[in-house]
C-alpha cells in the first residue's frame, strides 16, 4: 500500500470538510506542519477546531487560517504571539479552550492509546477544575480529563521511510508525536523520505502504524525568537 | 537597599543541589542558570522536550529545530536528551523534576500561586505552569515583593485566578526569603540592607515564627 502523495493538497484529498477537529503538531513555530496548513487554507474548509499548543503568528502556522476565518475554536495552552488571534478572540469570533500544556499533550496521547479519560493533579483548585469530576487517590485530589479524539492529525517530521516510520529532529518532536497518535487519519509532512530499511528500527520515534499519508517538501522552518551570544 | 534581579537569581541558585533536574521559568528564573556553582551538575529541563539545555548559539549557528520553552534558539550539551511533549510532562507529573523556579503575580500564605491571568486583561494561557506546580518536587517563586503600584504580592489569599493551590514552598523576593510553613510564612533570610520590620511591613500575608 502506498502512503506517499505528491503534495499536501493531494495528501488531504477526501479528508477535509467543514467543522472538523484537527490535531496539529508543533511548539511555537518549531516543527509545525506548515505545508499541510497552507493546503488546508487553500481548500477553503471552515468552522475548524484545532487542538494545537499554540496558534502560530499572524502570517505563519495556524495564523494563516485565522486570516481567512477558517478556525472556529482553538484548544491550546498559550496563544500570546498572534495579534489577529487576539482580535478575533476579544471580539467573540473565535472560541478558545485553554488547556494546561501537559494536559493537552496527555489528552492527545491518551486518545491515541484508546484511553477516553485520565485523572491528573494539574489544575486542581483552579478554574481548569470547574465542572470536572474530582477523585481522591491515596489522600490526594485529582481531576478527570478526557482524551482528544481528532478527525485528522497533521504533523511534521524530519525523515520518514516509505512505510511512514518517522524520525524527528531535536525539539521539533514536541507535540508531533501525541498529535500524530490521536487522529482517525494522520498526515505527515517530512523533509526527506528514504527507502524502507534505511532508518535504524531502534531509532524510530513514531512508528508508521500511526501514519497514513506522507509527503516530502521544502520547509521554511521560521525562527520565532532568534537569540545568540557573541564569540568570546 | 534590597536585592536586584541578579542577586535574587544568585540566592535562588543556593537552593540547587548536585544532580538535580530543574525547570526554570521565563524572566528572573532564567538568570539562575548563570549562578550554578562550579563543579555542580544541574540539568535544566525545557518543557517543549529537552533535558540538558545549553546556552544561546553563536551568531549564524541558530537552528530552527532547537528552541526553549520561551521559543528562543538554544544549543545542546553532551548529556542532552530530546523527547516529545507527552513524555516531557510525564516526567513533570511523575515527580521526576526536583524543582521548578518560577515568577509570580501573587503568592498566598498557604502557598497558593497566581501567575497566569488577570481578569479583564489579555489572557495568553497558562502554558506548562499548572503542570509544573502540580508535579515537581519543590516550587520556588522568585519575584519582586510588590507590584508596580507598590502593593504587596505576598497576600493572605490570592486575588487573581490560581495557577495552583498550596503549591509554593519558598519565596525569594527582592526583600528576602520566606518559607511556606504550617500556619503562614516564616522569614528565612533578609536581603542586604533590609530590616525585619521592612519585610514584615511589605508583607500582607501572616508571618509566623
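The values are calculated or read from the model by the stated rules, or taken from the named source; none is laboratory data. Everything numeric here is computed off the predicted structure, so don't read it as measured data. When we count neighbours, we look across all protein chains shown, and the Cβ atoms used for this are built from the backbone with ideal geometry, even at glycine.
Odds and ends about this structure:
- Residue within the stretch A:79-100 that is modelled with pLDDT under 95, surrounded by 22 or more Cβ atoms within 10 Å (Cβ to Cβ), touching a helix residue (DSSP H, G or I) at 6+ places or on another chain (Cβ under 8 Å) and facing another protein chain (nearest Cβ under 9 Å) present: yes
- Residues within the stretch A:142-158 that are within 12 Å of chain B (Cβ to nearest Cβ) and out of contact with any helix residue (DSSP H, G or I) (no Cβ under 9 Å at 6 or more places or on another chain), tallied: 1
- If the condition is being more than 8 Å from chain A (Cβ to nearest Cβ) and under 18 Å from residue B:106 (Cβ atoms), then the stretch B:133-143 contributes B:133, B:139, B:140, B:141, B:142, B:143.
- Only one of the numbered conditions (1) more than 21 Å from residue B:7 (Cβ to Cβ); (2) in a strand (DSSP E or B); (3) within 14 Å of chain A (Cβ to nearest Cβ) is not met by residue B:162, and that is (2).
- Exclusive hit being on the phi > 0 side of the Ramachandran plot and in contact (Cβ under 8 Å) with a residue 40 or more places away in the chain, set B:125, B:120, B:166: B:166
- Residue within the stretch A:115-124 that is more than 10 Å from every other protein chain (Cβ to nearest Cβ) and buried (at least 19 other Cβ atoms within 10 Å of the Cβ) present: no
Residues checked against (1) in a strand (DSSP E or B); (2) in contact (Cβ under 8 Å) with a residue 60 or more places away in the chain:
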| site | (1), (2) |
| --- | --- |
| A:16 | no, yes |
| A:35 | no, yes |
| A:50 | yes, no |
| A:54 | no, no |
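- Residues that are surrounded by 16 or more Cβ atoms within 10 Å (Cβ to Cβ), touching a residue at least 24 places away in the same chain (Cβ under 8 Å) and not in a loop (DSSP other than H, G, I, E, B), drawn from the stretch B:177-206: B:177, B:178, B:180, B:184, B:185, B:199
- Of the residues contained in the stretch A:196-209, one or more are found to be within 14 Å of another protein chain (Cβ to nearest Cβ) and over 20 Å from the mean Cα position of the chain (by Cα).
- Search result, residues across the stretch B:133-150 that are more than 13 Å from the chain's Cα centre (by Cα), within 17 Å of residue B:172 (Cα to Cα) and part of a loop (DSSP other than H, G, I, E, B): B:145, B:147
- Subset of the stretch B:84-132 that is within 7 Å of another protein chain (Cβ to nearest Cβ) and in a loop (DSSP other than H, G, I, E, B) - its residue that is farthest from residue B:18 (Cα to Cα): B:122
- Which numbered condition residue A:92 fails, given (1) without any contact (Cβ under 8 Å) to a residue 40 or more places away in the chain; (2) part of a helix (DSSP H, G or I): (2)
- From the list A:62, A:75, A:4, the lone residue that is surrounded by 23 or more Cβ atoms within 10 Å (Cβ to Cβ), closer than 22 Å to residue A:176 by Cβ and out of contact with any helix residue (DSSP H, G or I) (no Cβ under 6 Å at 6 or more places or on another chain) is A:62.
- Looking only at residues of the stretch B:39-66 that are closer than 19 Å to residue B:14 by Cα and either within 18 Å of the chain's Cα centre (by Cα) or outside any loop (DSSP other than H, G, I, E, B) (or both), we find that the one that is farthest from the other protein chains (Cβ to nearest Cβ) is B:42.
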